[in-house]
Amino acid sequence: MRKIQMVDLKGQYDKIKDQVNSSILEVLDTTAFINGPEVHAFQKELEEYLEVKHVIPCANGTDALQIAMMGLGLKPGDEVITADFTFAATVEVIALLQLTPVLVDVEPDTFNIDPEAIKKAITPKTKAIVPVHLFGQTANMDAIMEIAEEHDLFVIEDNAQAIGANYNFKNGSTKKAGAIGHAASTSFFPSKNLGCYGDGGAIFTNDDDLAHTIRGVVNHGMYERYHHDVVGVNSRLDSVQAAVLRTKLPKLDDYNKARQEAAKKYSEAFKDQENIVVPYTHGSKDTHVYHQYTLKILNGKRDGLVKHLNEKGIPCGIYYPIPLHSQKAYKDSRYREEDFPVTNQLVKEVISLPMHTELDDEQIAFITDTVLNFVNQ
Ligand SMILES: *Cc1c(COP(=O)(O)O)cnc(C)c1O
């Protein structure tokens, strides 16, 4: 059996090596390392794929979120509601901009921000909601957009983990994750569903004015050379990364399908287990793209399972082990423990199994057998 990895970047690279290598060599040959034609071409191709009017590439997914908030003109003291159960980058940029992060609980089945908790957290200072499409599954965008409209709030989707996922609206229409809110951010970190070979990110929006503002923000606040109209940042996707992404974007749907196939096999093996809850899916309308395959392990067995898997040479991850509201950097006297029952429980129960495009049946069977042997003993 091939060695099991949490993410098998090498296995995936080996299959596209010739294409990737020649695309990188072409960039080297042109020496157009920054703002080269590859970046522009990738931007257009991603706009088409997502059916979104504007993609603005930038240096990473954390910058992308920060830049979206800067572009929307959020001001110190404005409150931004986001999920307690997510990667810290989401809340970090809110705090960095001296906005006030307001963390709220998530849903026990999807792990995504709970619309009811959003409603309760809204105050006259609230300006934006940042739903995170966690682990590859879209948040409840019908409810979130409705709340935003009612209270005149911006919605910024943190789409770092769900690129390529569809969202099915109640009215039957479908949009790509990241094409729904006023703006969205994504990350091309190597292990993401669409990963480059270094750092990269992008902001998406359908709003022409916002896109124009953001194009200046990413470039030192310049709209005309050496005229700095706003305080901006320097955040660029480089041409080598764009070349890698152009090679991988046409394969994204197949990559996500491979993840879905692996997830299906895992969930089949784990169904009807009293100590295991498999990832929630929306039945036949499911569009989860499994950035992570995350189980809930009940009855206090999670930590033992981590140890057992490690002993058997199977990598796994705890995303995320500590609620953000309990992190030293993000403590706030407004938070009460009883407001976070779901997150407080999830941090004790979740475990993410190896998930990538190169998992084979032998590996999946070994992983599922090893998990079942432990949880049933
Ligand atoms: C990866 C990630 C980010 C940050 O992306 P970087 O490119 O690493 O800066 C932000 N939010 C979420 C939910 C992520 O998973």
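The listed residues His308, His291, once ranked by accessible area (1.4 Å probe) with the largest placed first, stand as His308, His291.
The chymotrypsin sites (Phe, Trp or Tyr not before Pro) found in the range 104-189 that occupy coil by DSSP, while having at most 15 further C-beta atoms within 10 Å, are Phe169. Legend: helices of the chain (whole DSSP H runs) are marked when their alpha-carbon atoms reach 18 angstrom or more along the helix axis and their mean Kyte-Doolittle hydropathy is at least 0.0; marked are 361-375.
Per residue, the accessible area of the range 1-107 comes to 45 Å² when a 1.4 Å probe rolls over the protein heavy atoms. Qualifying trypsin sites (Lys or Arg not before Pro) in the range 291-369, where qualification requires a DSSP coil assignment and no more than 15 other C-beta atoms within 10 Å, comprise Lys312, Lys331, Arg334, Arg336. Between Ile276 and Leu298, the built amide H atoms are under 5 Å apart, and every one of these is 5 or more places off in sequence or on another chain. Taking the protein heavy atoms of the chain in the context of the full set of protein chains, the accessible area attributed to carbon and sulfur is 50 percent at 1.4 Å.
Amide H contacts of Phe33: none lie under 5 Å away among residues 5 or more positions distant or on a separate chain (H built 1.01 Å from N in the peptide plane; Pro and chain starts excluded). Each part reduced to its alpha carbon centroid, the range 140-192 and the range 80-133 end up 14 Å apart.
With 5 Å bins beginning at zero, the pair-distance distribution over Cα atoms of the range 81-153 amounts to 3, 18, 30, 25, 18, 6, 0 %. With a ≥ b ≥ c taken as the square roots of the eigenvalues of the C-alpha gyration tensor of the range 82-204, please select rounded if a/c is under 1.5 and otherwise prolate if a/b is larger than b/c or oblate if it is not? Taking the square roots of the gyration eigenvalues as a ≥ b ≥ c, the range 82-204 is oblate. Summing Cβ point charges (Lys, Arg +1; Asp, Glu -1) relative to the Cα centre of the chain gives a dipole of roughly 640 debye.
For the range 252-375, the per residue solvent-accessible surface stands at 49 Å², with DNA, RNA and ligands left out and a 1.4 Å probe. Only one residue of Val306, Val277, Val347 has its Cα farthest out toward the positive end of the dipole of the range 252-375, where Lys and Arg carry +1 and Asp and Glu -1 on Cβ, and that residue is Val347. Taken about its Cα centre, the range 252-375 carries a charge dipole of about 520 debye when Lys and Arg each add +1 at the Cβ and Asp and Glu each add -1 at the Cβ. In the chain, the DSSP beta bridges split such that about 60 percent are antiparallel, to the nearest 5. For the chain, compute the orientation-averaged projected area of the C-alpha convex hull (one quarter of its surface), in nm². For the Cα atoms of the chain, the hull's average projected area reads 19.2 nm². Peptides 112-122, 271-281, ordered by how many other C-beta atoms sit within 10 Å of their residues on average, highest first, read 112-122, 271-281.
Given the pairs Lys170/Lys251; Lys176/Lys248; Lys53/Lys176; Lys120/Lys331, which are separated by over 24 angstrom at their Cα positions? Going by Cα-Cα distance, Lys170/Lys251 fall outside the 24 Å limit. Here the range 282-363 is treated as a Stokes sphere of Kirkwood radius computed over C-alpha pairs; at 37 °C and 0.692 mPa s its diffusion coefficient rounds to 219 µm²/s. Estimated purely from DSSP H runs of n ≥ 4, each contributing -39500 (n - 2.57), the mean residue ellipticity at 222 nm for the chain is -12000 deg cm²/dmol once divided by its residues. Placing Thr110, Thr62 in order of accessible area, with the largest value first and a 1.4 Å probe, yields Thr62, Thr110. Taking the centroid of alpha carbons for each part, the range 213-228 and the range 285-327 are 42 Å apart.
The values are calculated or read from the model by the stated rules, or taken from the named source; none is laboratory data. What you are looking at is a predicted structure, and each value in this text was computed from that prediction instead of being measured. Cβ sites come from the backbone with ideal geometry, for glycine too, and all protein chains shown count toward neighbours. These area figures cover heavy atoms from the full protein model, side chains too; ligands, DNA and RNA do not enter into them. Shrake-Rupley method; radii C 1.70, N 1.55, O 1.52, S 1.80 Å.
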